[in-house]
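The values are calculated or read from the model by the stated rules, or taken from the named source; none is laboratory data. A quick note: this is a predicted structure, and the numbers were derived from the prediction, not measured. Here the Cβ is made from the backbone with ideal geometry for all residues, glycine too, and neighbour counts use every protein chain on show. Each accessible area value is taken on the protein alone, full model and side chains, heavy atoms only, with ligands, DNA and RNA left out. Shrake-Rupley method; radii C 1.70, N 1.55, O 1.52, S 1.80 Å.
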There are 2 protein chains.
Amino acid sequence: MPELRKDPITGRWVIISTDRAKRPDDFLRERIVRKGGFCPFCTGHEERTPHEILAYRPNGGSANSPGWTVRVVPNKFPALGIEGDLARRGDGLFDKMNGVGAHEVIIETPDHDVDLASLPDKRVEDVLWAFRDRILDLKKDKRFRYVLIFKNHGGPAGASMEHSHSQLIALPIVPIRVREEVDGSKVYYGQKERCIYCDIIRQEVQSEVRVIADSDSFLTVAPYAPRFPFETWILPKQHESAFENSSSALYEGLARALKNILGRINQALESPAYNLVIHTSPVMESTNDYYHWHIELMPKLTKVAGFEWGTGFYLNPTPPEEAAAVLRDSIISS
Amino acid sequence: MPELRKDPITGRWVIISTDRAKRPDDFLRERIVRKGGFCPFCTGHEERTPHEILAYRPNGGSANSPGWTVRVVPNKFPALGIEGDLARRGDGLFDKMNGVGAHEVIIETPDHDVDLASLPDKRVEDVLWAFRDRILDLKKDKRFRYVLIFKNHGGPAGASMEHSHSQLIALPIVPIRVREEVDGSKVYYGQKERCIYCDIIRQEVQSEVRVIADSDSFLTVAPYAPRFPFETWILPKQHESAFENSSSALYEGLARALKNILGRINQALESPAYNLVIHTSPVMESTNDYYHWHIELMPKLTKVAGFEWGTGFYLNPTPPEEAAAVLRDSIISS
């Protein structure tokens with residue numbers, strides 16, 4: 001009998017197939033095809049991107065020159081414009097505002113043939129520091145309500161450039177699903193005076209069945225009501241509402257946790273395309289007791305039919321307990 | 001400057017690119033590949049599906065024999081099981097229930113090489129009657145709270161069978177996005193004592209810019225804040241809360257409206273894959289003044305990155321005004 005399970009934060013129910021659960025080999029994956037060709041993100045091609053916003057150059061050097069380990073540039077085809085005011089206005093019963101925001105690219109490595117999973121721990125940590133630096137800078141802009149950081153890895157996951165990178169979008173609104181998560185957490189806190197994610201962490205550590213990796217500072221789990229097969233969350237074990245508020249030591253732990261889970265996923269699922277999203281508190285409530293920042297990682301194994309995002313109704317062929325067991329048992333290659 | 005637009009029902013904001021708007025030719029579409037081979041949905045192969053639940057045989061004939069125009073069978077690989085009770089229960093702080101529900105396939109034509117857009121009007125009407133008959137029957141089952149009808153057309157949209165068909169899933173819960181829409185409409189009604197969809201219809205008919213087709217009984221529009229390029233809604237012009245409550249004449253009008261928009265989409269966008277979802281009221285509130293049933297149609301033109309359904313944040317490269325103009329001006333081939 002399949003199970004209907006409820007995500008305790010958002011209230012979303014999903015169907016988990018438990019009878020004919022899909023194992024890693026049952027998925028027909030779209031391969032990541034590397035096309036090669038000229039790449040503006042490669043070291044030596046700095047003049048082919050917009051002027052850099054931030055770069056780490058361990059041995060110094062001038063802006064827009066080689067020698068960097070991580071480099072942040074404006075997106076050449078931005079979804080939003082950085083200049084101007086919001087000009088909020090109505091249009092009969094509709095509402096709109098100018099598409100003001102920032103859209104940046106975090107180039108994670110100067111080397112075209114390396115990806116996040118194969119970077120040394122310290123370099124992954126640098127990427128996380130770049131995320132933090134950019135969030136802290138953009139929070140100063142009073143127009144912005146949310147800074148969204150995400151990574152599309154591989155064409156099937158929506159990446160248009162193959163050189164390893166993440167993206168940042170600063171928005172004058174809080175995206176609706178983030179709002180739901182934050183509000184859901186707030187309701188729970190109102191009832192119990194406890195963070196729901198902290199409660200989940202305690203329960204998951206105790207039950208063990210959905211735990212993939214457990215370090216001093218981070219817990220990597222298959223969530224109880226995942227929308228997608230092998231969906232994975234990385235949660236800081238100590239309560240922290242915003243990604244950018246974390247202490248230095250935490251980024252070191254996160255770099256290790258992230259490399260660890262990417263290694264397991266690559267091993268168990270044959271290096272699939274994936275999407276990674278940092279879920280963090282909105283700018284105007286970045287320090288709070290109810291919301292707990294975390295990373296959500298979704299390997300791209302299934303085709304999501306349009307009706308799923310029209311109805312919020314997800315059908316997951318792999319129980320999280322089985323996904324966790326597979327990932328727990330996979331050997332990390334690097 | 002791009003625009004941020006708010007969907008007035010759900011409160012979801014989307015980004016609409018207005019600068020470099022994508023025209024139909026700008027999309028790299030995944031082609032619908034027809035593979036052929038044995039098809040259990042074809043006439044003459046009735047014994048290769050589970051026993052039929054419903055079929056229309058204009059000239060009579062016995063169940064599970066040829067001679068039908070529309071045939072409804074249980075899904076051979078159902079997402080939910082029809083037997084048993086819900087057994088709602090907790091698991092620490094989590095909630096679950098048995099995956100009880102119905103999962104049916106509506107085979108829209110006995111002919112493998114015909115699709116919904118190329119069926120005669122009367123046959124499309126039959127398909128709509130089959131939807132209605134199945135909803136009315138399943139509503140008698142007290143375990144079900146929502147009957148979801150959708151169609152995935154073409155592999156890129158998630159269809160696993162190429163023979164033209166729709167699907168029905170009866171659920172013991174109301175899907176979260178449906179709940180949001182219904183609740184959003186209820187809030188608006190509470191404030192204004194008017195249905196928000198009725199207000200939208202009035203405004204769209206007056207402004208004309210997003211209207212694609214306008215008949216006596218149905219309005220076909222590009223919604224104000226669409227998530228996807230060429231997203232299209234078909235709305236009954238008279239208030240009606242549930243699909244299955246409509247009068248007979250309405251199904252005739254809907255068949256024409258549906259064929260009309262599919263013809264325009266096929267012409268303008270080179271017969272893309274698409275998803276179609278009937279949005280209707282939940283079973284327990286199927287007659288009400290606040291919610292207005294409608295069809296949402298989403299041609300599959302872009303790759304949706306995973307972060308979009310994690311954050312509810314959509315980037316649409318085609319303004320609905322341009323999409324409407326393209327579809328309005330396209331010549332219907334059949």
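Counting other Cβ atoms within 10 Å of each Cβ, which trypsin sites (Lys or Arg not before Pro) in the range A:1-31 have at most 15 and sit in a DSSP loop? Spell out each step's value before the answer.
Details: sites: A:Arg5, A:Lys6, A:Arg12, A:Arg20, A:Lys22, A:Arg29, A:Arg31; in loops: A:Arg12, A:Arg20, A:Lys22, A:Arg29, A:Arg31.
When the trypsin sites (Lys or Arg not before Pro) of the range A:1-31 are filtered for loop state and at most 15 Cβ neighbours within 10 Å, A:Arg20, A:Arg31 remain.
For the range A:113-221, what percent of Cα pairs sit more than 23 Å apart? Can you show the working numbers first?
Details: 3128 of 5886 pairs.
In whole percent, the long-distance tail amounts to 53.
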| Shielding of B:96-109 by partners, i.e. mean partner chain Cβ atoms within 10 Å per residue? | 3
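What quantity of accessible surface, computed with a 1.4 Å probe and excluding non-protein components, is buried in total between chains A and B, in Å² to the nearest 100?
Details: alone 15900 and 15910 Å², together 25620 Å².
In total, this chain pair buries about 6200 Å².
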| task | Using the charge dipole of chain A (Lys, Arg: +1 at Cβ; Asp, Glu: -1 at Cβ; taken about the Cα centre), state which of A:Ile173, A:Pro78, A:Phe94 has its Cα farthest towards the positive end. | result | A:Phe94
| field | Fraction in percent of alpha-carbon pairs per bin - 10 Å, the range B:70-132 | value | 19, 32, 23, 15, 9, 1
| Quick one: of the DSSP bridges fully inside the protein assembly as shown, what percent are antiparallel, nearest 5? | 95 percent
| message | Inside 10 Å of the C-beta atoms of B:176-187, what's the mean count of C-beta atoms belonging to other chains? | response | 3
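How many partner chain Cβ atoms sit within 10 Å of a residue's Cβ in peptide A:4-17, on average, as a whole number?
Numbers: counts 13, 6, 7, 3, 4, 0, 1, 4, 5, 9, 2, 8, 2, 5.
Partner-chain Cβ atoms within 10 Å, mean over residues of A:4-17: 5.
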| task | Kindly report the accessible area of chain A per residue (heavy atoms of protein chains, probe 1.4 Å, no ligands, DNA or RNA), in Å². | result | 38 Å²
| task | May I ask you to list the GluC sites (Glu not before Pro) in the range A:242-322 that are in a DSSP loop and have at most 15 other Cβ atoms within 10 Å of their Cβ? | result | A:Glu270
| message | Rounded to whole angstrom, how close does the nearest chain B beta-carbon get to the axis mapping B onto A, and which residue is it? | response | B:Trp309, 3
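What is the sum of charges around A:Glu52, taking Lys and Arg as +1, Asp and Glu as -1, for the other residues whose C-beta is under 11 Å from the C-beta of A:Glu52?
Taking every Cβ under 11 Å from that of A:Glu52, the sum is -1.
For the range A:23-106, what number results from the quotient of the Cα radius of gyration and 2.2 N^0.38 Å? Please list the in-between numbers first.
Numbers: Rg = 19.6 Å, N = 84, 2.2 N^0.38 = 11.8 Å.
That works out to 1.65 for the range A:23-106.
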| request: Taking the Cβ of A:Leu93 as the centre, find all other residues whose Cβ is under 14 Å away and add up their charges (Lys, Arg: +1; Asp, Glu: -1). | output: +3
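Using only Cα atoms, what Kirkwood radius does chain A have, in angstroms? Mind showing how you got there, number by number?
On the way: mean 1/r = 0.0478 Å⁻¹.
About 20.9 Å for chain A.
Given a Förster distance of 30 Å, report the FRET efficiency between B:Asn59 and B:Glu83 from their Cβ-Cβ distance, rounded to the nearest 0.05.
Details: r = 34 Å, r/R0 = 1.14.
Efficiency computed from Cβ-Cβ geometry: 0.30.
Could you calculate the contour length gain from B:Glu252 to B:Glu285, that is, 0.36 nm times the residue separation minus the distance between their Cα atoms, to one decimal place in nm? Display every interim value, and only then the final one.
Working: separation 33, 0.36 × 33 = 11.88 nm, distance 2.52 nm.
Stretched out fully, the B:Glu252 to B:Glu285 stretch lengthens by 9.4 nm.
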| Relative contact order of the range A:65-200, pairs being alpha-carbon contacts under 8 Å that are 6 or more residues apart, as % | 23 percent
| query | Which whole DSSP H helices in chain A pass both tests: a Cα extent of 30 Å or more along the axis and a mean Kyte-Doolittle value no lower than -1.0? | reply | A:248-269
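If you average 1/r across every pair of different Cα atoms in the range A:178-322 and take the reciprocal, what Kirkwood value do you get, in Å? Each step should come with its number before you reach the end.
Numbers: mean 1/r = 0.0624 Å⁻¹.
The Cα-based Kirkwood calculation yields 16.0 Å.
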| task | Can you give me the P(r) profile for the range A:46-169? Cα pairs, bins 5 angstrom wide beginning at 0, each as a whole percent. | result | 2, 10, 19, 21, 19, 13, 8, 4, 3, 2, 1, 0
| field | Across the identical copies, how the B:Arg202 labels are spaced - nm, sorted shortest first, 7 Å along Cα→Cβ | value | 5.3
| remark: The base-10 log of I(q)/I(0) that the Debye equation returns for the protein assembly as shown at q = 0.09, 0.11 Å⁻¹, one scatterer per C-alpha, is -0.78, -1.19
